[in-house]
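The structure under discussion appears below in the form of structure tokens.
The values are calculated or read from the model by the stated rules, or taken from the named source; none is laboratory data. Every value quoted in this text rests on a predicted model; they were computed, and no experiment measured them. Methodologically, a virtual Cβ is constructed for each residue, glycine included, from the backbone with ideal geometry; neighbour enumeration extends over all protein chains shown.
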Amino acid sequence: MPSTVNGVGTTYAGKKNVTTRRTVCPSCGREAMMDSYDTRLFFCFLFIPLIPLKRVRVLDMCPSCHVHRVVHPAEYEAGRQLHVSGAIEEFRKQPTPANAVKVHAAMLAFHENDRALEFRTGADDVLGKDAQSLADIGAQLLETSQADAAGPYFERAHVLRPDLPLARIGVALRRLNEAKLDEAHSLLDFMEKPGSSQLYDLKPLLMLAERYHAAGKKAEALGIYRFLLTELPHLNQNRHIRGVVQQLEKSVGDGSPSLLTKQPFSIRKIFSKDPQVNPPTVRVFAWCGVVVLCGAIIALIWNENQRRHRVLYVINELNGIVEVSLDGGPPVKLAQGGQQTIDFVEGEHRISVTGVAQESHQVSLTTPYMSRWGNDPVWILNVDRAAPVVRYAMVYSANESGKDFVPDVDVFYKEAVSFVPHVDYAFKEPPEQIRIDSNDSKKRIAKQCLTVENSWADAANFLYSANKPEQALELLKWCALSGKGGGKTVSLYVQLATHLKKDEEAWSALEKEVEKTPLQVDLHRLMQERDSSPEQVKKLSALYEGVLQKNPKDAAALYLSGRIAKDPKEAVELFTKAREADPSSPWPSLALAYHAAGRAEWEKAGTLMEHYVKQKPEDEGGRDFFFECNIGRGQVDEAFKSMNARVRSKNIHEAERATLNVILVHALKKDREKAEAAIRKLISHGRSVSDPQYKAPEIVLLNLAYSFGDFDKLLEGAREAGEEYTGFEFAAYCEKHQLTEAIAFVEVEKFHLDPLTSLALTAVADIAGNSGESTKWREKAITLFEESQDKDHAAIAALLKAESLPSLDPVLELSWTAREKALLCVVLANRHPDKRTELLGLARKLNVVPIWPYHLVHGVTGDS
Amino acid sequence: MTREEFDALVTRLDRRLGKRPGRLKLELVLCACLAFALMFAWTGLLLLIAAFFIVVTFVGGVKDGGAFFLLMGLACLFLFLAARSLMALMIRLEPPEGKRVKRDEAPELFDLIEEVRRQLGCRPFHEVVLTPDFNASACYTPRLGFLGWARHSLVLGLPFLECLSVAQVKSVIAHEFTHMAGGHGAFSNWIYRQRRIWEALMAKFEQRGALREGFSLSKPFLKAFHWFWPRFHARAFLLSRANEYEADSNAAKAASVEQAGQALWRIGVFSERLEEEFWHGLWREATTSAVPPRDGMQRLTSTLIGPPDQEAAIRWKERGCMELTGHLDTHPSLPDRLRGLGLAVREFALAPFPLAASPAAAQILLGASLPALRESLQSEWERKMLPVWKERHAVASHRQHQLQRMDTHTEGPLSTSPEVLWERARLLLDVDGATAVEPLLRQLLSLQPSHTRAALHLGSILLKRQPGEGEALLRGLLDSEDTVSASGELLMQHYIKTGQDGQRRELQARLDRLEKLYQEAAREESSLRAKDEFTAEGLADCDLSPVITALREAGVVQAWLARKVIKAIPSRRVFVLVVTTRRGWTDRGAATRDDAIARVLTRSVSLPGRFIVTHPASALSGVAKAACRKGLPLLQS
């Protein structure tokens, strides 16, 4: 059979010698008028016949299913002529009625209707006396849809032999067409005998019943239908007949029980192709039902499959290895920052964690039945709740319609085992783009993502930016109280609480936490910095002493005691003890490093900071100080290398800080080109990871100008940058030794005056030789230092007030940053000429990083 | 494969494997496995594909819902197709119908069965079923289709028990035990199942092959089947025969050789007697009665108790002694089986015709339960008979009605016309049976001796009573293509029944040859190809002047006549008349003209045989050219 796919394939074109006959299709079983014709098979493209392939004769093309037979026209022609001529030859030899019937049949079989007419007319003298042959001729004509021609033959046969069943049937059919139903009925009486179905096809009787029904002769119709149902029980399945009989029984029935038997339920019947058994729609619905059933079964299997293949994500952000096992199964090992999955079947489970953390959770890891079809849930085991796990929603949109989307964010910190009902991208980067199959350009597709944030502070920031300040505050409170995220989260907590006007509540919460042991260093540091009053110091000292009495080697207590110790030497001693008590603790190292840096002992400070940075890599301030230490101890390249990796950080803020440090290194090397190249790199990196319109931040540009001593540009830049950067404007005036402008800037422009600013003005006045201004600003500095109530500031004030400086020890013992101490040394050098050389020498050693007031100090101290 | 070739194959296999039943069984099992493998290959392939999708889905850990549904949907589709193809291979074997007898109903019967079982060392039957048939068998009903787990039933006909002695029944039971224990039933059911499946597949493939032109998978399949099936069947046939001999031998061991022989002999001749005396008469009753008689079974037994007509008794005994083993029968013939037991068939032939045993085994083995069982089985017999009976009654009634009408409407000369006589004979055959029809058929044949169908009917009627005349009549029909198969088959059965092996062989060879010849001739006669052999021989002797006149009148310029050589039957004639009106190569419209002329000539020309009229530019141009080359030029320009 020719067929095409998208218009490409084979097809028939043209029709010649068309003949038609009514017959039953061997494929679909339908009775229809079927065409036979000569045609040509073509190869076609886009349904256009292009290349002729062969000539064929199509035989009995079914109009319903198009199934047909194909013969070669030559073979068909030869077969036709041979068959017909063979029959004629047989008839010529023996001109019997039976042979005449054969010839006629052969002609009709090959659709030679006109020749058959000619033949039967010519052979009438042979056929005319034999009723059976006349009836056979009639039957042949009837089969080939020539009812009109068949009628006379049946009539003649019936006249000759009124008993002949075939003749009676033929005449009866004629009477039916003439609407002489009763005559037809009497002719078909022989069929209405019990058992007649064994001998005859009762179709004429069925036709008679239908005609009676159509003519309104219901009683006669019902009688025939009843006989047919008795004789042919399979007619019970014919829905049309059932309907008619039911109707007739209702209208003319005599009350006797119906002959229609109740049809037993049969699946085969539902799927039957026979239109008499079923309306085609039933079959269509039945198959739809099968498909739906299959779909439902697959859906159930899918549901069960989902239930049996769940994933638990295990995240370890602890500093060490943990082993996690589910229901005592094989343990999964995770190093710090490790992330693994464990497959499980939904239900009650026991999760055991060993290693640096010891946990055991009896949890119900289940989902509602219906949710399994739509959701892709995830369970997370956050060991010791150390990782800031964040769920956020994001949208993909065809244009910028998604810009106004405020992400929905959750942070999982309340429980060790968390359940997320649906996640599209669990702990993996969502794709940059996805395909949206929609014409709606405004369509947005939301996706749920899970990620582990770099820090708790970032997680809180995420919540805050998603318009969830309360949740952010709650998270920060939890972090502050449970010691997560270090001092940063504690200070952020206080900041946010203040912002939300809940500072009192925050502080009271923190104060409650202060007395708890083990001591939280970050919290205590904040508390010490918040209130350094003698009462507070006394209270905290008592607390630490209490702790130390219980455990003299409590590193936190030793460290915190050192921070509030009155005597710097005692403080150093306590820090050292704390470090010895807990070598892994970063805080004593930091304190000792600061102490060493304050004495310009950069080598020692660098070593201590190395340890600190390892322990607290997230502390950006610590990293910057380590960078300073490295420069101080002359390891510029080392410092440069440590920054280089961070320049490419995806956290643009970190990249900016690293770039700034790189610029400082290049400034020290006086290599401006490389410094500018670093800025260009930062811009390009920022555009790739953050914002396509990314520009280098003002702080970086202003520091570039300052570090290379380009103070005009610094002044210009600071003025353009706005109020936030007024400090650089002040620095520019100072570095240009423009005392009047600097003072005016402080007094007129109301630049914030702090002790360091006063010291800077003192130094500038000294350089300018304006002793009056120098004294004025020095005294101002003393006043400010004294007002601050800090013990170190008090010491500085004392130094500034002192008329003589017997040694540099008081300066060295001051707990102040190296840069600030360098400025102090410069100021003191002018006041104590006898110690000028030593003080300037110390200032030179302390002044290592080219940021404010590097050039001011350097201008006084010189290179050697 | 022709009958002769099949016979030769069976003989060859018998020679090679007759003494090696183990080897025969092995070969048969291998053949059957191959057949099963072929049958299940398609289902297996579909199942494999479905399994592949399931494995990919579950082992591959498909997480995406769409992919999961797609893969599982495909798996479902292939499982559905596999189930459909498997259903096509499923043949349900119904358990035997009848009355299940319990031990407390017939303790003696069960004791006898148990005794035989112990003697032969077999496992017991699962049930004993009594039926109203004159037969006994071991039935195998698998519970799990082709996977087996069968239920074995011993089926005993009550009429059978009422005509044989206890010892004879014992031998029969031993025979059936052997079939059950040897797995004969299972194996024959296996073969039966295969045959049904293959036949269904064949029908499907043949239907497809008929609808498709050119290459189709069904053609090589059918070719393979036609090669494979006779070989498989020949082996199965041999094994079945061997099984019967083995069962007979065990029957002789359990009862005695004499009793086993007597049982076989009685079953054989009683069946003949019942066929002629009981069944024939019973079916005639269906003409008048709408329901089967209430004493049918009793009459069956009574038939065998009374002494038979001497002439008929000799006929039945002769048949029993002389029957040959047909190559399509799974059971060997009675004489062969008696010889297999070491008994002389002649002695049985010389002995008086046996009557039903007294006391009959039924009285002893069923005891007090016999009347109730008889009643129950009579009802069962009626129930089984009723549909066939009704059918026969309806047909007979209608025929009778038709005959009455015919008598009314065909008075006078019409009543003796061959057509009316033939129709009357056909109707009477259904109403009154063969005896009443015989004079009518003779009258018809005297009027029209060439009436082959009448001769065939008369021949088949006479074969039983006057074999010589019937045989002659049927042999005369072997020359007619229409009746060769039917008359040949009737004669073949007659020769087998009467033990005329030589005649059978001769007839078999003749039938094979004739059938092949007629088939080949029909094929040659119904097609024309350019490569066929054409000749002009003998054409000059024919009177072709009317043809030439017709050609001239039609305006034909050139004409050739050739005869196709029918190699199978050279006397048959097929002509090719090639005509053309072409006058040189510039005559462009000749093809259309020739086409029209050829159509006209097809009707007007008459030749002594089949013929076609064509022209050189027609679709049959190859044939036309070949005919022009080899044929006789009738007209030349």
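Go through region B:554-588 and give me each residue that's part of a strand (DSSP E or B) and within 14 Å of chain A (Cβ to nearest Cβ).
B:Leu561, B:Ala562, B:Arg563, B:Lys564, B:Val574, B:Phe575, B:Val576, B:Leu577, B:Val578, B:Val579
I'd like the residue in region A:380-417 that is charged (D, E, K, R) and closer than 22 Å to A:Thr341 by Cα and, out of all such residues, is surrounded by the fewest Cβ atoms within 10 Å (Cβ to Cβ).
Taking region A:380-417 and keeping what is charged (D, E, K, R), we get A:384-385, A:391, A:400, A:403-404, A:408, A:410, A:414-415.
Still in the list and also closer than 22 Å to A:Thr341 by Cα: A:384-385, A:391, A:410, A:414-415.
Details: A:Asp384: 17, A:Arg385: 22, A:Arg391: 22, A:Asp410: 20, A:Lys414: 10, A:Glu415: 13.
So the residue we want is A:Lys414.
Return a yes/no flag: does region A:26-43 have any residue that is surrounded by fewer than 17 Cβ atoms within 10 Å (Cβ to Cβ), among the basic types (Lys, Arg) and more than 11 Å from chain B (Cβ to nearest Cβ).
Yes, because at least one residue in region A:26-43 is surrounded by fewer than 17 Cβ atoms within 10 Å (Cβ to Cβ), among the basic types (Lys, Arg) and more than 11 Å from chain B (Cβ to nearest Cβ).
Based on this model, can you work out whether A:Asp710 counts as under 19 Å from A:Ile851 (Cα atoms) and either surrounded by fewer than 17 Cβ atoms within 10 Å (Cβ to Cβ) or not acidic (Asp, Glu) (or both)?
When the stated conditions are applied, A:Asp710 passes them.
Which one of these is modelled with pLDDT of 90 or more and more than 28 Å from A:Arg168 (Cα to Cα): B:Ala361, B:Ala434?
Only one candidate qualifies: B:Ala361.
What single numbered condition from (1) away from every other protein chain (no Cβ under 14 Å); (2) more than 21 Å from B:His398 (Cα to Cα) fails to hold for A:Ala172?
The single condition A:Ala172 does not satisfy is (2).
Would you tally the residues in region A:45-74 being free of Cβ contacts under 8 Å to residues at least 40 places away in the same chain and assigned to a loop (DSSP other than H, G, I, E, B)?
Final tally of qualifying residues: 5.
Quick check, is B:Arg599 farther than 22 Å from B:Ala530 by Cα, without any contact (Cβ under 8 Å) to a residue 24 or more places away in the chain and within 11 Å of another protein chain (Cβ to nearest Cβ)?
Values: farther than 22 Å from B:Ala530 by Cα: no; without any contact (Cβ under 8 Å) to a residue 24 or more places away in the chain: yes; within 11 Å of another protein chain (Cβ to nearest Cβ): yes.
Criteria not met by B:Arg599.
Collect the residues in region A:547-577 that are over 18 Å from A:Asp522 (Cα atoms), among the acidic types (Asp, Glu) and part of a loop (DSSP other than H, G, I, E, B), keeping them in residue-number order.
A:Asp567
I'd like to check which helices (runs of 4 or more DSSP H) are fully inside region B:379-496 and have at least 3 residues that are over 30 Å from B:Leu334 (Cβ atoms).
On the way: elements: B:418-431, B:434-447, B:452-465, B:467-477.
So the answer is B:418-431, B:434-447, B:452-465.
Show the residue pairs meeting these rules: Cβ distance below 7 Å; 6+ apart or different chains; first residue within region A:25-44 and at pLDDT below 90; second residue among the acidic types (Asp, Glu) and assigned to a strand (DSSP E or B).
A:Met34/A:Asp60; A:Ser36/A:Asp60
Among the residues of region A:110-118, is there at least one that is among the aliphatic types (A, V, I, L, M), touching a Leu at 6+ places or on another chain (Cβ under 6 Å) and either over 26 Å from B:Ala624 (Cα atoms) or buried (at least 18 other Cβ atoms within 10 Å of the Cβ) (or both)?
Within region A:110-118, one or more residues are among the aliphatic types (A, V, I, L, M), touching a Leu at 6+ places or on another chain (Cβ under 6 Å) and either over 26 Å from B:Ala624 (Cα atoms) or buried (at least 18 other Cβ atoms within 10 Å of the Cβ) (or both).
Quick one: A:Asp437 ticks every box in (1) modelled with pLDDT under 85; (2) more than 14 Å from every other protein chain (Cβ to nearest Cβ); (3) surrounded by fewer than 14 Cβ atoms within 10 Å (Cβ to Cβ) except a single one, so which number is it?
(2)
Condition first: free of Cβ contacts under 8 Å to residues at least 40 places away in the same chain and either in contact with a Cys (Cβ under 8 Å, 6 or more places away or on another chain) or under 19 Å from A:Val860 (Cα atoms) (or both). Now tell me which residues in region A:741-771 satisfy that.
Here is the first cut: in region A:741-771, the residues free of Cβ contacts under 8 Å to residues at least 40 places away in the same chain are A:741-754, A:757-758, A:761, A:765, A:768-771.
Answer for region A:741-771, where residues must be free of Cβ contacts under 8 Å to residues at least 40 places away in the same chain and either in contact with a Cys (Cβ under 8 Å, 6 or more places away or on another chain) or under 19 Å from A:Val860 (Cα atoms) (or both): A:Ala742, A:Thr757, A:Ser758, A:Leu761, A:Ala765, A:Ala768, A:Gly769, A:Asn770, A:Ser771.
Looking at B:Pro418, B:Pro439, B:Pro387, which one is in contact with a His (Cβ under 7 Å, 6 or more places away or on another chain) and either away from chain A (no Cβ under 14 Å) or not polar (S, T, N, Q) (or both)?
Criteria check complete, one pass: B:Pro418.
Here is a list: A:Arg115, A:Arg69. Which entry is more than 60 Å from the chain's Cα centre (by Cα), within 11 Å of chain B (Cβ to nearest Cβ) and modelled with pLDDT under 90?
Numbers: A:Arg69 fails: more than 60 Å from the chain's Cα centre (by Cα).
Criteria check complete, one pass: A:Arg115.
Of A:Ala98, A:Ala74, A:Ala106, which residue is crowded, with 20+ Cβ neighbours inside 10 Å and touching a helix residue (DSSP H, G or I) at 6+ places or on another chain (Cβ under 7 Å)?
A:Ala106
Residues being among the charged types (D, E, K, R) and either within 11 Å of another protein chain (Cβ to nearest Cβ) or within 44 Å of the chain's Cα centre (by Cα) (or both): count how many of those fall in region A:269-303.
1
Yes or no: region A:233-246 includes at least one residue that is without any contact (Cβ under 8 Å) to a residue 40 or more places away in the chain, more than 29 Å from A:Pro165 (Cβ to Cβ) and surrounded by 12 or more Cβ atoms within 10 Å (Cβ to Cβ).
yes
For region A:533-560, how many residues meet the condition of being acidic (Asp, Glu) and surrounded by fewer than 17 Cβ atoms within 10 Å (Cβ to Cβ)?
2
Quick one: count up the residues across region A:347-379 that are among the aromatic types (Phe, Trp, Tyr) and farther than 24 Å from A:Gly337 by Cα.
Taking region A:347-379 as the starting set, the residues that turn out to be among the aromatic types (Phe, Trp, Tyr) are A:369, A:373, A:379.
Then keep just the ones that are farther than 24 Å from A:Gly337 by Cα; that gives A:369, A:373.
Counting residues in region A:347-379 that are among the aromatic types (Phe, Trp, Tyr) and farther than 24 Å from A:Gly337 by Cα gives 2.
Take the residues in region A:362-380 that are in contact (Cβ under 8 Å) with a residue 40 or more places away in the chain and more than 21 Å from the chain's Cα centre (by Cα); name whichever of them is farthest from the other protein chains (Cβ to nearest Cβ).
Going through the qualifying residues, I end up with A:Val363.
For region B:270-283, give me each residue that is more than 24 Å from the chain's Cα centre (by Cα) and of a type in the set (A, V, I, L, M, F, W, C).
B:Phe270, B:Phe278, B:Leu282, listed by residue number.
For B:Val62, are the conditions met, namely being within 11 Å of chain A (Cβ to nearest Cβ) and farther than 30 Å from B:Arg374 by Cα?
So B:Val62 fits the description; yes.
Could you list all residues from region A:94-127 that are within 24 Å of B:Ser604 (Cβ to Cβ) and small (Gly, Ala, Ser)?
A:Ala100, A:Ala105, A:Ala106, A:Ala109, A:Ala116, A:Gly122, A:Ala123 - these are the residues of region A:94-127 that are within 24 Å of B:Ser604 (Cβ to Cβ) and small (Gly, Ala, Ser).
Can B:Pro608 be described as within 13 Å of chain A (Cβ to nearest Cβ) and in a loop (DSSP other than H, G, I, E, B)?
Yes, satisfied.
Of these, A:Arg22, A:Arg80, which one is away from chain B (no Cβ under 14 Å) and either buried (at least 19 other Cβ atoms within 10 Å of the Cβ) or within 30 Å of B:Asp482 (Cβ to Cβ) (or both)? Break it down into steps so the answer makes sense when it comes.
Numbers: A:Arg80 fails: away from chain B (no Cβ under 14 Å).
A:Arg22 is the lone residue from the list that is away from chain B (no Cβ under 14 Å) and either buried (at least 19 other Cβ atoms within 10 Å of the Cβ) or within 30 Å of B:Asp482 (Cβ to Cβ) (or both).
Is region B:604-625 home to any residue that is free of Cβ contacts under 8 Å to residues at least 60 places away in the same chain and charged (D, E, K, R)?
Scanning region B:604-625 turns up no residue that is free of Cβ contacts under 8 Å to residues at least 60 places away in the same chain and charged (D, E, K, R).
Name the single residue that is surrounded by the fewest Cβ atoms within 10 Å (Cβ to Cβ) among those in region A:197-232 being in a loop (DSSP other than H, G, I, E, B) and not charged (D, E, K, R).
Within region A:197-232, the match that is surrounded by the fewest Cβ atoms within 10 Å (Cβ to Cβ) is A:Gly216.
Residue under question is A:Trp777, and the condition is that it be over 25 Å from A:Ala597 (Cα atoms) and aromatic (Phe, Trp, Tyr); does it hold?
It is true that A:Trp777 is over 25 Å from A:Ala597 (Cα atoms) and aromatic (Phe, Trp, Tyr).
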